[in-house]
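Have a look at the structure below before the remarks.
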Amino acid sequence: MTYVVTENCIKCKYTDCVDVCPVDCFREGPNFLVIDPNECIDCTLCVAECPVEAIFAEDDVPDTQKEFIALNAELSKVWKPIIEKKDAPDDADEWAKKTGKKALLEK
């Protein structure tokens, strides 16, 4: 089982999760992070670090977010690794509580 970043991360892109990952499995896109399922070792450390609760075990991804399992796998093949925490976008807190952000995902 792997962990999956879901819609809550879009346009927030907090990177607290990156700092605790022992295997550097996160990949960074323009306004979203994903987890490389081939690198993730299921350690669970990232889950507690995500301030917007965007990370789930693959088996626990909400039904409305299941498409993010394939999206993480797809985008992790083309996005570059991120291995240290960065500042969140200036408007991240405003986006943190919004839903329905999938159309805003920049690939």
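Okay, residues lined up against (1) surrounded by 13 or more Cβ atoms within 10 Å (Cβ to Cβ); (2) in a helix (DSSP H, G or I); (3) not basic (Lys, Arg):
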position	(1), (2), (3)
Glu53	no, no, yes
Phe68	yes, yes, yes
Leu75	yes, yes, yes
Asp87	no, no, yes
Asp90	no, no, yes
Lys98	yes, no, no
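Which residues, taken from segment 12-22, are over 16 Å from Trp79 (Cβ atoms) and either touching a Leu at 6+ places or on another chain (Cβ under 9 Å) or not in a helix (DSSP H, G or I) (or both)?
Selection gives Cys12, Tyr14, Val20, Pro22.
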Yes or no: segment 63-82 includes at least one residue that is touching a strand residue (DSSP E or B) at 6+ places or on another chain (Cβ under 6 Å) and of a type in the set (Asp, Glu). no
Please work out if Glu53 is under 18 Å from Asn8 (Cα atoms) and touching a Pro at 6+ places or on another chain (Cβ under 7 Å). no
Pairs, please: C-beta under 7 Å, at least 6 apart or cross-chain, first residue of a type in the set (A, V, I, L, M) and in segment 60-78, second modelled with pLDDT under 95? Leu75/Lys107
I'd like the full set of residues that are β-branched (Val, Ile, Thr) and buried (at least 16 other Cβ atoms within 10 Å of the Cβ), limited to segment 27-51. Val34, Ile35, Val47
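The values are calculated or read from the model by the stated rules, or taken from the named source; none is laboratory data. Note that the structure is predicted; figures quoted are calculated from it, not measured. Note that we place each Cβ from the backbone using ideal geometry, even for glycine, and neighbour counts take in every protein chain shown.
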